Structure formats: structure tokens, C-alpha cells
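A.B. asks: Take this structure, written in C-alpha cells, and hold onto it; I'll ask about it next.
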Amino acid sequence: MCDSTSHVRLLHDAAEKYCSEYAKTPCNWIYRNKDHDYFTRIEASGGVMRTELKDNGGDPRSPINGQLRGLFFLANNDSGEPRIASYFGPARIQIKSDELFRLAQNLYFADFYCMGRRPGRKHYVILVMTKMGSSADMFCRQHLVSLDVASNPFLCNDSGQLCACCGVDVEVFYTEDLNITELQRSGKVQLVKTVIPLGQGHSTPGGKPKNRSCGMCNV
């Protein structure tokens, strides 16, 4: 049986093969969908979005589960703009993608998974974004697969334009607190309503388990 780090490498290789069949689309925004109360609490606590401990969703052997703190964002855009639908609530914060990379430059691969058994089910890739030299960065260097921001199949800077794979949902786990008030002053962030709410409207406490019968993302 391989250790967790070797397991992540196998997941990475499977995800790389899967994503190689899909094109990349421009990613101008990285965004997070929540309910209105979530953002009200942030405003009341000084405008700082605090990191949260990663749950057990996704592959059960991903080293970040229950070990790393961060904030989940989605990187997939349609024609450079965030998707209009949301499964996780009617309120959204969207941040210029280049601003997040300015604040935390290192990128790591952490997970590849799907949920449910229906044909054509969606696959997810989790990437971790860290600030160089931080404790999260050192953890990721030891346990995850380091990615070249200029050349990888998931989320990369292509001649000055950040692009994301359109064949998977690219989830970015950002490992720093974010001062939303400061970002708003800089014009790099927007708080908006999502147009089409879907599903239960919030994430599942503890996370959803991976589909163990999928031949693409189980290694």
C-alpha cells in the first residue's frame, strides 16, 4: 500500500490524464458562494474572512483532510466571468484571480474526485494556494504535488492570462485569511448575488464522500 504522498501523486497523474482531453478557458475571477449570514458575520468581525479546517470531503486519503486550514474558492469561469449558478448559497464574493496569486504564489495539487453514480457526473480537482514560507506551504511541500503556475493542466498562467480546465470543477483552497475590507478598497473584490441558486444552497457538514466506484478518479 502506498503512503499518502504517493497516493496524491497517483491522483495527480490520473487528473492530468483526464484534464488533457479538455480545453482551458479564461479565469478572471476566483469566487466563493455562501449564504448572506456568512458575509454579515464577516462584516461584523472586522471584514476578515478566516480560514477553516479542511473537512473529510473528497478522497479519504488526501493529506489535507482535517490537517490544513483554508478557504474554498471556485476557479471556473464562463467566457472569463463567474458562473451564474450556485450550489452553495445566494451570495458571492469574487476576487480578481491575479490578486490571489499576488498574495500567495505557490500552487499544489491535493485531490481528484467525483460524487454520485449518475452517468456524466462532474469531477473535481482541489488545488492548494499558499504563501511562500508559511506553515501551510511547508506542509504542502512535504505532502502534495507542486505545480508550475505557468504550465499545468488545471489552472495556469498562459501568456499573462490565467486559465482553468473546463472539464472539471477547479477548487482552490486558499490557506491565508483574507481582509475583504482592504480588497474592496483596492477594487479587486466584488460582493454580488448569484442569479440561479441550485441544490441545497449550502455545503454538507463534514464534506461529501468520494464515489468509490469511479474508474477515473480512484487509484
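Read-outs: derived from the displayed coordinates by stated rules, not from any lab. Nothing here was measured: the structure is a model prediction, and the numbers come from that model. A quick note on method: Cβ atoms are made from the backbone with ideal geometry, for glycine too, and the neighbour counts reach across all protein chains shown.
A.B. asks: Which of the lysines could a cross-linker bridge to LYS208, judged by Cα under 22 Å and excluding same-chain residues fewer than eight apart?
C.D. replies: List returned: LYS34, LYS54, LYS122.
A.B. asks: While we're here: Which log10 I(q)/I(0) values does the range 111-154 give at q = 0.14 Å⁻¹ under the Debye formula, counting every alpha carbon as one identical point scatterer?
C.D. replies: Calculated log10 I(q)/I(0) at the listed q: -0.47.
A.B. asks: About its Cα centre, what dipole magnitude does the range 103-183 give when the only charges are +1 on Lys and Arg Cβ and -1 on Asp and Glu Cβ, stated in debye to the nearest 20?
C.D. replies: 480 debye
A.B. asks: Using only Cα positions of the range 1-91, each an equal point scatterer, no hydration layer, compute I(q)/I(0) via Debye at q = 0.10, 0.11, 0.13, 0.21 Å⁻¹ and quote the log10 values to two decimals.
C.D. replies: Taken in order of the listed q values, log10 I(q)/I(0) reads -0.40, -0.48, -0.66, -1.21.
A.B. asks: Express the Stokes-Einstein translational diffusion coefficient of the range 46-179 in µm² s⁻¹, to the nearest whole number, given a Kirkwood radius over alpha-carbon pairs, 4 °C and a viscosity of 1.567 mPa s.
C.D. replies: My calculation gives 83 µm²/s for D.
A.B. asks: Considering only the chain, what is the antiparallel percent among its DSSP beta bridges, to the nearest 5?
C.D. replies: That works out to approximately 80 percent antiparallel.
A.B. asks: A further question on this structure: In debye to the nearest 20, how big a dipole does the chain give about its Cα centre with +1 on each Lys and Arg Cβ and -1 on each Asp and Glu Cβ?
C.D. replies: In debye, rounded to 20, the chain gives about 480.
A.B. asks: Using a basic spin-label model with each label point 7 Å from the Cα along Cα→Cβ, how many nm lie between GLU21 and ARG117?
C.D. replies: A separation of 2.2 nm, rounded to one decimal place.
A.B. asks: Run down the aspartates and glutamates and flag those whose C-alpha is under 19 Å from the C-alpha of LYS193, throwing out any fewer than 8 positions away in its chain.
C.D. replies: Hits, sequence-local ones excluded: ASP35, ASP37, GLU43, ASP78, GLU81.
A.B. asks: Please report PHE112, PHE173 as a ranked list, fewest other C-beta atoms within 10 angstrom at the top and most at the bottom.
C.D. replies: In order of increasing Cβ crowding within 10 Å: PHE173, PHE112.
A.B. asks: Okay, moving on. Residue separation times 0.36 nm, minus the C-alpha to C-alpha distance between GLU52 and TYR38: what's the value?
C.D. replies: Full-extension gain reported as 3.8 nm.
A.B. asks: Okay, moving on. Give, in nm to one decimal, the length gained when the segment between THR5 and SER135 is fully stretched (0.36 nm per residue of separation minus the Cα-Cα distance).
C.D. replies: Value of the extension gain: 45.0 nm.
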